[in-house]
Amino acid sequence: MGKVAINIATGSIQKEEIIVGIDLGTTNSLIAIVRGDTHEPIALKEIDGLTLVPSIVHFDEYGNVTVGNPAKELLVTQPERTIYSVKRLMGKSYNDVSHDAGFFAYNIIDDNTDALVKIQVGQKFYSPIELSSYILKELKKRAEHILKTTISKAVITVPAYFNDAQRQATRDAGRLAGLDVLRIINEPTAASLAYGLGAKKGEEKTIAVYDLGGGTFDISILTISNGIFEVLSTHGDTYLGGDDMDNLLVRYWQEDGGEGSSDLGFGSSLDKSLMQQLRVTAEKAKKHLSTNDVFEGEINGKQVHITKQEFNDLVQPLIDRTITACTSALKDAGLTTAQIDAVVMVGGSTRVPLVKESVRKFFGRDVHDELNPDEVVALGAAVQADILAGNNTEMLLLDVTPL
Ligand code: ADP
Ligand code: MG
């Protein structure tokens, strides 16, 4: 028998050390466990009630590091010190990312070689592995605080298309954060696991996982048979996500801010703090419209508004692009929509009703959206961790990736 610890969150006694599941996302990261008492996977919540930690790292001029929401607040006002989307740089050389270097507001060192990229902040240089390790350290710290026990083992998820270098970089980030990474699993596999798809022995299923996050879109077609997952095809767009919806809204208010837009300084060059307010309000409006028909807010004392219909018209072209990718993924897998047994919705942006409707319509069936779409990957990672911990003997699991 291993260590005995009382799990404060679940009220149960853990016989073995807890293995956590981690979704190390481009936009948001989070940590989940399977409850010892109910055997349900849950995302860990801090007292603030939030499960998501924005994948953003800020360095002040003294080298102090802040991760998550406090760092997100500095994104626009201190762009050169606030590192976002580091997942895009994992396992990459400057040559790999030079064509999209314009996307990053911070300084990526251009040494014109195949050496791995470094990010410069002030006089210091950081590797994407180090930057990711700060995010993982923050998650580990949270989990230890919530569970009142030491956490040293984890399952971490990665996109299905991650190559060996990217997977290795993710493992290294874990090690640097003091985590023994027991398994790296594919995000679509984790999402399917969270829904228990293909969990029964002898069951065979073909699953489409539609993942629209903050900055990226992935569609993966998987089969699961006897606990063995195989990715048949993946498609997507590495620059398509909820951030683009926010940007469209910002532009809409800048151009079409209507009455009073000039008072706001909309349309011309905005000062950084006004731009930050516009962005924050745009994201708020978007989320509000996922459950309401109209958004009304104010920026700098000025009214802004948008209806759900206006928002839908703005984002329709983005959604159309995701549906085109779904067609390609099916074609690559050699399947028709009729051969898909289940569709799983992943990523915060699938909360947008028009996204759900479009995916339902395309696949001609209802979709799985019962779990929080921005937590489902971490929940699945926790299920996998639970299997590895030996608490779940019902399922065997192999995660097979495409070549
Ligand atoms: P990632 O996988 O890229 O780390 P997430 O799955 O956490 O990202 O998705 C983040 C995106 O989801 C953000 O663009 C956020 O604004 C969006 N989002 C979160 N909640 C909602 C909502 N209620 N309605 C619309 N979009 C949402
Ligand atoms: Mg994600």
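Which one of VAL155, VAL117 is among the β-branched types (Val, Ile, Thr) and at pLDDT below 95? Just one listed residue meets the conditions, VAL117. Within segment 214-247, the set of residues being away from ligand 2 (no atom under 14 Å from the Cβ), assigned to a helix (DSSP H, G or I) and either touching a strand residue (DSSP E or B) at 6+ places or on another chain (Cβ under 9 Å) or open to solvent by 40 Å² or more (accessible area, probe 1.4 Å) (or both) comprises ASP244, ASN247. Considering segment 175-213 alone, what residues qualify as being away from ligand 2 (no atom under 16 Å from the Cβ), out of contact with any helix residue (DSSP H, G or I) (no Cβ under 6 Å at 6 or more places or on another chain) and assigned to a helix (DSSP H, G or I)? Of everything in segment 175-213, just one residue is away from ligand 2 (no atom under 16 Å from the Cβ), out of contact with any helix residue (DSSP H, G or I) (no Cβ under 6 Å at 6 or more places or on another chain) and assigned to a helix (DSSP H, G or I), namely ARG175.
On inspection, ASP100 qualifies as open to solvent by less than 40 Å² (accessible area, probe 1.4 Å), acidic (Asp, Glu) and out of contact with any strand residue (DSSP E or B) (no Cβ under 8 Å at 6 or more places or on another chain).
Quick one: count up the residues across segment 157-183 that are at positive phi and among the acidic types (Asp, Glu).
As a first pass, look at segment 157-183 and keep what is at positive phi: 178.
Subset that is among the acidic types (Asp, Glu): none.
Summing the residues that are at positive phi and among the acidic types (Asp, Glu) in segment 157-183 gives 0.
Please state which one of VAL86, VAL76 is in contact with a helix residue (DSSP H, G or I) (Cβ under 7 Å, 6 or more places away or on another chain) and at pLDDT 95 or above.
Details: VAL76 fails: at pLDDT 95 or above.
Only one candidate passes the filter, namely VAL86.
Taken together, the residues in segment 103-138 that are in contact with a strand residue (DSSP E or B) (Cβ under 8 Å, 6 or more places away or on another chain) and open to solvent by less than 30 Å² (accessible area, probe 1.4 Å) amount to 12.
Considering only residues in segment 312-352 that are within 16 Å of ligand 1 (Cβ to nearest atom) and of a type in the set (Lys, Arg), the one that is most open to solvent (accessible area, probe 1.4 Å) turns out to be ARG321. Per the listing ASP369, ASP386, the residue uniquely within 16 Å of ligand 2 (Cβ to nearest atom), open to solvent by 10 Å² or more (accessible area, probe 1.4 Å) and charged (D, E, K, R) is ASP369.
The values are calculated or read from the model by the stated rules, or taken from the named source; none is laboratory data. Computed from a prediction, not measured in an experiment: that's the story for all the values here. Glycine also receives a Cβ, built like all others from the backbone with ideal geometry; neighbour counts cover every protein chain displayed. What goes into the accessible areas is simple: the full protein's heavy atoms, side chains included, and nothing from ligands, DNA or RNA. Shrake-Rupley method; radii C 1.70, N 1.55, O 1.52, S 1.80 Å.
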